[in-house]
1. Among all stretches of the chain without exposed trypsin sites (Lys or Arg not before Pro) (DSSP loop, at most 11 other Cβ atoms within 10 Å), which one is longest?
2. Between 16, 35, 121, which gets the highest mean-square fluctuation from a Gaussian network model of the chain, Cα cutoff 10 Å?
3. Taking amide hydrogens as modeled 1.01 Å from N in the peptide plane, which residues meet the under 5 Å criterion relative to residue 32, leaving out close sequence neighbours?
4. In whole percent, what relative contact order does the range 21-102 give with Cα contacts below 8 Å and a gap of six or more residues?
5. Using only Cα atoms, figure out Rg for the range 89-152 and give it as a multiple of 2.2 N^0.38 Å.
6. Evaluate the distance, in nm, between pseudo-label points positioned 7 Å from the Cα of residue 43 and of residue 23 along their respective Cα→Cβ axes.
7. Please compute the length gained on full extension between residue 104 and residue 143, using 0.36 nm multiplied by the number of residues separating them and subtracting their Cα-Cα distance.
8. Short version: ³J(HN,Hα) in whole Hz for each residue of the range 133-145, in order, from phi by Karplus 6.51 cos²θ - 1.76 cosθ + 1.60 (θ = phi - 60°), x for Gly and Pro, what are they?
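Nothing in this text is a laboratory measurement; each read-out follows from the coordinates by a stated rule. Keep in mind it's a predicted model, so treat the numbers as computed, not measured. Cβ placement follows ideal geometry from the backbone for every residue including glycine, while neighbour counts extend to all protein chains displayed.
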Amino acid sequence: MNRTALFPGSFDPFTAGHLNILKRALTMFDNVVVAVGINQDKRGFFDMEKRLDIIRQATQGLEGVSVIQYDNLTADTCRSLGIRHIVRGVRNMIDFETERSIADANRRIAPEIETIIIPTAQEYAHISSSAVRDILKHGGDYSAFIPEGVTL
């Protein structure tokens, strides 16, 4: 049986922590669809094409990974793609509480879809997209925070 999961997020930008979660999800699923969400209430730091490009750079050579963009409910995207699992990463307890609330809401909307929460490996727990954006804004060295080989 082919098992596929959706790994949704804004990925603004995709970090080394995101890649860690993705690689670990690939040990549980045959395919993982990285789904870049469009949030109409937020103006992204990177435009959608750049975000998709960064993820493609980071996942080059990884089998079972595809990258899409979406602008509807995550549960609706799962349903339209026939996906029954959502993968989310957490860095700490604050992330966990947020992700648990989102998982509970998704379960209410789509009880057939299960959310799998994966804690980020300790060496990536300090990395966030907002930290990378802040480093970029101030001209700092962001290389330790993003996947190897990625150009921002």
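1. On the way: sites that count: 42, 43.
So the longest stretch without any such site is 44-152.
2. 121
3. 5, 65, 66
4. Values: 54 pairs, mean separation 27.4, N = 82.
Relative contact order for the range 21-102 comes out at 33 percent.
5. On the way: Rg = 15.3 Å, N = 64, 2.2 N^0.38 = 10.7 Å.
Compared with the compact-globule rule of thumb, the range 89-152 sits at 1.43.
6. 3.6
7. Details: separation 39, 0.36 × 39 = 14.04 nm, distance 3.52 nm.
Contour length minus Cα-Cα distance gives 10.5 nm.
8. 4, 5, 4, 4, 4, 9, x, x, 8, 9, 4, 6, 9
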